[in-house]
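Worksheet for the structure shown next.
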Amino acid sequence: MKRLGPDDDPDRLYTVTGGRSRAADDLTLDLVTLIVSECDPAPGMQSEHVRILSMCHHPMAVVEVSAELRMPVSVVRILLSDLLDSGKVTARHPRPVTAAHLPDTDLLKEVLDALHRL
């Protein structure tokens with residue numbers, strides 16, 4: 001069994017989020033929502049917020065931020081919601097796929113049949 005390291009300490013995660021288990025609002029951040037910094041870190045900011053602002057100068061997906069911080073996505077969503085509320089980052093949500101953007105099913109069947117014949 002893997003021992004918890006300093007980054008995996010549940011007490012630390014509780015402290016990082018201020019004891020919250022969810023973001024203040026019903027903001028849904030998908031794993032693929034892109035986050036972009038709108039400002040540079042300021043003195044006195046929480047260290048995790050500083051790291052997020054530093055790494056998101058170019059668009060970065062929520063799941064990538066989570067991986068870089070080595071924190072659960074649920075914790076990162078709380079941190080991101082804080083930054084979104086203060087206008088320090090913006091979120092670019094993925095566009096929903098509509099039927100008009102999907103390939104024709106007849107074409108897909110033809111491709112599948114051709115692949116089976118190979």
Computed over region 28-90, the ratio Rg/Rh where both radii use C-alpha atoms and Rh is Kirkwood: 0.91
Largest-first ordering by accessible area, 1.4 Å probe, given options Thr90, Thr105: Thr105, Thr90
Distance (nanometres) between label positions extended 7 Å along Cα→Cβ at Lys109 and Ser47: 6.0 nm
Of the trypsin sites (Lys or Arg not before Pro) in region 36-118, those whose Cβ has at most 12 other Cβ within 10 Å and which sit in DSSP loop: Arg70
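The values are calculated or read from the model by the stated rules, or taken from the named source; none is laboratory data. Not measured: the values here are computed from a predicted model. Glycine gets a Cβ as well: all are built from the backbone with ideal geometry, and neighbour counts include every protein chain shown. The area values use the complete protein model at the heavy-atom level, side chains included, leaving out ligands, DNA and RNA. Shrake-Rupley method; radii C 1.70, N 1.55, O 1.52, S 1.80 Å.
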